[in-house]
Amino acid sequence: MLFTRLSLAALLAAAGSQPALAGPNSGIIQFEGEVLASTCTISVNGEEASNPVTVTLEDVLIGEVFRKRTDFSIDVADCPSSVRWVYATFKAANGGTVTDGYYLDNLATLNPAKHVWLEFLYLRDGSSSEGWVRLDGQYVPEYVPDYLNLKDGAARMRFIAKYSAPYGGLVTVGSYEGAVEVAFRYN
C-alpha cells in the first residue's frame, strides 16, 4: 500500500513538471449551475409542509385494526425546470424507533396500544400496486418509492399508513403515536 502511494506521488510530481501541451488534443469544459433558496414546495394532503404535518389515523375497533388504512399524499410542486425527478426516504423521528426496517414503533406514553406498529406502503405512480416503504432512512431500491418524473415541475407521491402486528401477541386497545422524517432527493 505504501509503495502504491509513493509511486502515485512520484507520477504526479513528474506529470506536474511536464510542459502543458496546447493543440488539437486540448479543450475547455464549462460548468453551469444554479444555487436556489429552495428546490421545490412540499405539501402533505394539500397542507403546506410546515413542521410537523399531522396525518390522523382513523379510530378503529380492535377487530378491524388491520383492515383499515389511511391514505395520504405528498405533493412536490414549483420545481425549477432543471429538476427532472424526485424520490423520498423516511426514518423514525422524535426519538422513535423502527423494528426490522419497516415497522414504526408506538411512542404513546399514555395508555399505549400494545403489539401494534405502523407500516407504510406506497402506491406506484398511476396504479394501485403497493410497495413497502423502509422507515429506517436506508436507501434500498426495492423499498423506496419509485423515482417520480416531474411533469410541469410537479409530482404526487401516494402512500398508505396502516396498523400492523407482524410479531404476534395480543393487540390491546390504546393510543398510537409515531413520527417519521422525510428526506427528498432531486435530480
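To the nearest 10, the accessible area of V55 is 50 Å² with a 1.4 Å probe.
Could you calculate the contour length gain from K91 to T109, that is, 0.36 nm times the residue separation minus the distance between their Cα atoms, to one decimal place in nm?
Details: separation 18, 0.36 × 18 = 6.48 nm, distance 2.03 nm.
Extending this stretch completely gives an extra 4.4 nm.
Inter-label distance, R67 to T54: 2.8 nm, where each label sits 7 Å from its Cα along the C-beta direction.
The values are calculated or read from the model by the stated rules, or taken from the named source; none is laboratory data. What you are looking at is a predicted structure, and each value in this text was computed from that prediction instead of being measured. As a convention, Cβ positions derive from the backbone with ideal geometry for all residues, glycine included, and neighbour counts pool all protein chains shown. Each accessible area value is taken on the protein alone, full model and side chains, heavy atoms only, with ligands, DNA and RNA left out. Shrake-Rupley method; radii C 1.70, N 1.55, O 1.52, S 1.80 Å.
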